[in-house]
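Working notes, structure below.
The values are calculated or read from the model by the stated rules, or taken from the named source; none is laboratory data. In this text, all values refer to a predicted model and were calculated from it rather than measured experimentally. Backbone-built Cβ (ideal geometry, glycine too); neighbour counts: all protein chains shown. The area values use the complete protein model at the heavy-atom level, side chains included, leaving out ligands, DNA and RNA. Shrake-Rupley method; radii C 1.70, N 1.55, O 1.52, S 1.80 Å.
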Amino acid sequence: MRIQVDRERCVGAGMCVLTAPEVFGQDEEDGRVRLLDPEPAEIGDAAQVCPAAAITADG
């Protein structure tokens, strides 16, 4: 699975970090998503719970 995040679209809600903390983090300066693992085995519901639809998963 390949994950992409759109930091410009991100609103910093942190739902992705709560859902998959091994894959996503939050930038300390602006609170936006940081991708820790671009090819994880699983992200759970992280893409679906993102209020800004800033996460896409291929595969």
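Could you give the length gained on full extension between Gln48 and Glu8, defined as 0.36 nm per residue of separation minus the Cα-Cα distance, in nm? Display every interim value, and only then the final one.
On the way: separation 40, 0.36 × 40 = 14.40 nm, distance 1.77 nm.
Full extension from Gln48 to Glu8 adds 12.6 nm.
From the phi of every residue in segment 21-33, what ³J(HN,Hα) in whole Hz does the Karplus formula 6.51 cos²θ - 1.76 cosθ + 1.60 yield, where θ is phi - 60° and glycine or proline is x?
Each residue of segment 21-33 in turn: x, 7, 10, 10, x, 10, 5, 5, 7, 10, x, 6, 4 Hz.
In square angstrom, what is the accessible area per residue of the chain with a 1.4 angstrom probe? Each step should come with its number before you reach the end.
Numbers: 3730 Å² over 59 residues.
The answer is 63 Å² per residue.
Could you give the longest part of the chain that holds none of the trypsin sites (Lys or Arg not before Pro) found in DSSP loops with at most 15 neighbouring Cβ atoms within 10 Å?
Numbers: sites that count: Arg7, Arg9.
So the longest stretch without any such site is 10-59.
In sequence order, what are the phi-derived ³J(HN,Hα) couplings for segment 45-58 according to the Karplus relation 6.51 cos²θ - 1.76 cosθ + 1.60 with θ = phi - 60°, rounded to whole Hz, with x for glycine and proline?
So the J values, rounded to whole Hz, are 9, 3, 5, 6, 8, 5, x, 9, 6, 8, 10, 10, 10, 10.
Could you pull out every residue, at least 5 positions away or on a different chain, whose amide H is within less than 5 Å of the one on Phe24? Hs are placed 1.01 Å off N in the peptide plane, and Pro or chain starts have none.
For Phe24, whose amide H was placed from the backbone, the distant partners under 5 Å are Leu36.
Among [x] -0.80; [y] -1.00; [z] -0.89, only one was calculated for this model; which label is it, if the read-out is log10 I(q)/I(0) by the Debye sum over Cα atoms at q = 0.24 Å⁻¹?
[z]
In whole percent, and with a 1.4 Å probe on the protein chains, what portion of the accessible area of the chain is carbon and sulfur?
On the way: 1670 of 3730 Å².
The nonpolar share, carbon plus sulfur, comes to 45 percent.
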